Every structure is written in C-alpha cells, then in structure tokens.
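A.B. asks: One structure is given below, represented as structure tokens, and several questions about it will come after.
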C-alpha cells in the first residue's frame, strides 16, 4: 500500500516538473540574443577606412596615407568615427529629410502642386547628392588646411578645392539653365514653393551669420574672401528666395 501511495505521489508531481522545464525553455527562447560584434582584422579595418575616405569623403591617396599613419595606434576607434561621420549621420539626415518632404499632411497638396507644374525641370536626384557631397568635401578640406596653418587665400588656391568648386559651380550653372527654360507660370510656382515660414527664415539667417563667423575665426578669411565663398553665396541666395530681407 505504501508503495502504491508513493507511486501516486510521484505520478502527481511529475507534471509539475514538466511544466517547470517547459517554462524554462520558453523563457530561454524568448530571451533576446545579444548581437555579436563582427571581428575585423587590421587589414580589413585599413581597407574599410580607405574606402570611406576615398569613395565618400573624397580624399586622395596622400591624405589617406597621412590619416592612417596618424591614427595607426587607434584604427578601431578611427573607423568608428569615420563610420558615424560619413555613413550613419548622413543616412539619418537623409531619412529625416525624406520624412519631412513626404509627410502625410503635405502629401495630397504636394501631389496636386506637382501635377500643375508639369514635367520636373531641375537637377536629378543624383546631381543634387553630388552637390551636397562637393560642399562637404570643400568644408572638410578647408578645415584640414586651416589646421595646417594656411591662410584663407592659400586655402582657396588648393588644387582639390579649386577642382571641387569648379564642379560645384558647373552643377549650379546647369541648375540655373534648366530653371531658365521654365515658363513664367512655372517660375512663379517654383518661387512660391520655396517660400519659408518665419522660423525657417530666422534659422537660415542665423546659419549665415554663424558661417561667416566660422570663416573669419577658424579659417582666417578676410571680408572680401568671405563674400566670395561659394557656400555663403548659395545660402544668401536661398535666404532671398525664402523671402528673407
């Protein structure tokens, strides 16, 4: 009888153990796994750094070699910094820009406006991206040359900057030519679309003042050099188009 009673007790407790085991497996299965960091050899790190600096940042082989030598003792950190600066942050900015452009509140109005404008007359998306890349390259190169002690006039004569500015101006001229072929109605519609609200105009005005100050204090530009800076001229033109005074 005792044996029989013990047998019953064991049969009663068994399902509880099975439930505990099942719960344990479920908890383990639901527990999120930590993402493993991909290991990169030193050679791989150098290759990725070179790719970013050359393909995205627009640096030449001499500049890349100098940067690698300077940061040779901290390649992983250098790679992380470049990835954030040239890959992650630009991607986030593009995503934010697209989100603002295609917000649900403005989509219906935008579609109606585009239909009334007819075929698009302006630079392609690839050309617009190229313009932004050239601007970034120019600013980065200016910062490097200023750090080396060059004056504003000498910086503007740097071969890389001269080349990038020429390409940038060519794209701007093309954009102006395309917009010059617009009818009077299309031109008015395009100008109307560029008008900004008071906050946007005030922000751009402050950006212009900050940029002037940066050219003067960080790059050592004279007043004449500041007024001829292509990025500043573009910002000022945009400011006028938005209705700034």
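Every number in this text was worked out from the coordinates using simple rules, so none of it is lab data. Computed from a predicted model, the values in this text were never measured in an experiment. Virtual Cβ from ideal backbone geometry, glycine too; neighbours counted across all protein chains shown.
A.B. asks: What is the packing order of peptides 52-60, 235-243, 65-73, taking the mean over residues of other C-beta atoms within 10 Å and listing the highest first? Don't skip to the answer; put the middle values down first.
C.D. replies: Values: 52-60: 16.6, 235-243: 14.6, 65-73: 12.4.
Per-residue mean Cβ counts within 10 Å order the peptides as 52-60, 235-243, 65-73.
A.B. asks: Taking the mean number of other Cβ atoms within 10 Å as a proxy for protection, how do you rank 134-142, 39-47 from highest to lowest?
C.D. replies: Working: 134-142: 19.0, 39-47: 11.4.
Put in order of decreasing packing, that is 134-142, 39-47.
A.B. asks: Report the relative contact order of segment 41-98, percent, no decimals, based on alpha-carbon pairs under 8 angstrom and at least 6 residues apart. Walk me through the intermediate numbers first.
C.D. replies: On the way: 22 pairs, mean separation 22.5, N = 58.
Computed value for segment 41-98: 39 percent relative contact order.
A.B. asks: Right, another one. Suppose we look only past 15 Å in the calculated P(r) of segment 41-98. What percent of the Cα-Cα pairs does that tail hold? If you can, show how the numbers build up before the last one.
C.D. replies: Values: 806 of 1653 pairs.
The calculated P(r) of segment 41-98 puts 49 percent of pairs beyond 15 Å.
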